Each structure stands twice: as C-alpha cells, then as structure tokens.
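The values are calculated or read from the model by the stated rules, or taken from the named source; none is laboratory data. Not measured: the values here are computed from a predicted model. Note: ideal-geometry Cβ built from the backbone for every residue, glycine included; neighbour counts use all protein chains shown.
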Amino acid sequence: MRIKTPINKETVSGHMHYSLWKYALIIAAAWMGWSLLFTVTAYRSPQNKRIDLYVQSFTATSESINAFIEPIWKETVPEMETVEGVVLMPLDDYTTSQQLMTYTMAGDMDVVFLNNQYFKNLAEQNTLIPLDDLVADGTLDVGDVDLTNGYVTVVAEYDEQDRPVKTARRLYGIPLDAFDGFVNGMQLDNRGMYAAIMVNNGNDANVVPFFNALLQAGLQGQESAQSSDTETK
C-alpha cells in the first residue's frame, strides 16, 4: 500500500517549515566550496612578477601602504604584475614569531619593515640579505642616515659538528627612524623599525631597485622637514 501525500499549499508549507535548515545548510556548504575553489584556483602572479611588502604596525593599514607604494611600483618596476603591502599585527611574541616563520618558509615576504626584536631574529637566522655591499657600491642610496643599529653579528661558518666557528658583523637592515616620509605616507610609527630584504625573495633584480626607491620616498619626508626647519630659522 502506498500513502500518497497531496502536493498543495499546506504540504509544501509544512515541508519548508521542517526542512528549511537543510536547504540553508546545502546553500552554505555550496558557497564555502565555491569560495575554497576560487581561492585555490585564483590566479597569483609568479614570484618574479610580484613584490610583497610586509609591515609590522598598529598604525598603518594595507590601504595606506598600498596607496604609498603604488606610484613607486609604477615608476620603478612597472613590469611587476603585483606589488602589495600587507600589515603584520605586532601581537604576542609567540604568535608573531609563528607568523614570521610561516611567511618566511612560504617565501611570501620580499621586503619587511620590522621592529628591532624580530628584525634581529630574522638576521640571526640568515634569512635577510646583507646590505652593506649594496650601500657601498651605491645600489642603495641612504644619504647620511646612521646605519649603525642595522648591523647584526651572525654566524658565518659552522664546523662538521654544526658548531659555530666564525661570525661576521653585517648590515642587514636600514634603521627607519629618520624616514619621516613613511610616517606621513604610510601612517607608520617608524620608531625602532628596520627595513630589510628577504634572502628567498626570488626576485632580486626587481626587489632591490624597488627597495631603494622605497627608501628614497621615505627620505623625502625627512628632507621636507629639514627644509621647513631651515625656512623657519
């Protein structure tokens, strides 16, 4: 014997009343699946066609960073498909350390603005490019900025038992305290901050000139401030 349920307004209404959550769940699952598929398959510029600037800050935003670096990108490395700023929230030591380790291993960071603690941590792990030769040969122009605090002593050589046998003191970061252009342009609190280049950026040919142009833009704020002081006097 078959029991037939007539299809009418009352039965449809009852069905929807008791089954609405099922349809909502199906729609939500479908949306999540589509979002995941889009995320996984969305086009991402190859490493040699993008530059990512990671900035540790409570005050700067991705919007303010990107607005600042876009004209630098277009003028200096226009062949890059993507140049993007990302904010690293300076959270507790453990969380920030895990963030940096994850981004470093993934090769996501090309240029970084970090506070003294995390800058030195990365330098001591040999994950930053030494900058002293680039400054000496004029590839990086930092004017008369005092670079003393940007030097870090790192292990340069290990023996067969993986014991350090030689150290070297190299310039790994540019102290940003005097770069007032970043304060006005990025809304960055630049006190105690350092700019550095990741060793695994995979795009030195473009990252280095972009880094230099970025420093020049940051120094313009300092020069403007000095000019204003001179005019006032």
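So here's what we get for this one:
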{"item": "Matching residues in segment 105-120 - criterion: being surrounded by fewer than 19 Cβ atoms within 10 Å (Cβ to Cβ) and either over 19 Å from Asp177 (Cβ atoms) or in contact with an Asp or Glu (Cβ under 6 Å, 6 or more places away or on another chain) (or both)", "result": "Met105, Ala106, Gly107, Asp108"}
{"item": "Within segment 42-61, tally of residues that are closer than 15 Å to Phe182 by Cβ and either within 13 Å of the chain's Cα centre (by Cα) or modelled with pLDDT of 95 or more (or both)", "result": "7"}
{"item": "Residue satisfying condition, being surrounded by fewer than 18 Cβ atoms within 10 Å (Cβ to Cβ), closer than 30 Å to Arg169 by Cβ and touching a residue at least 40 places away in the same chain (Cβ under 8 Å), within set Asn126, Asn48", "result": "Asn126"}
{"item": "Qualifying residues in segment 46-69 (those that are small (Gly, Ala, Ser) and part of a helix (DSSP H, G or I)) - the one nearest to Ile197 (Cα to Cα)", "result": "Ser62"}
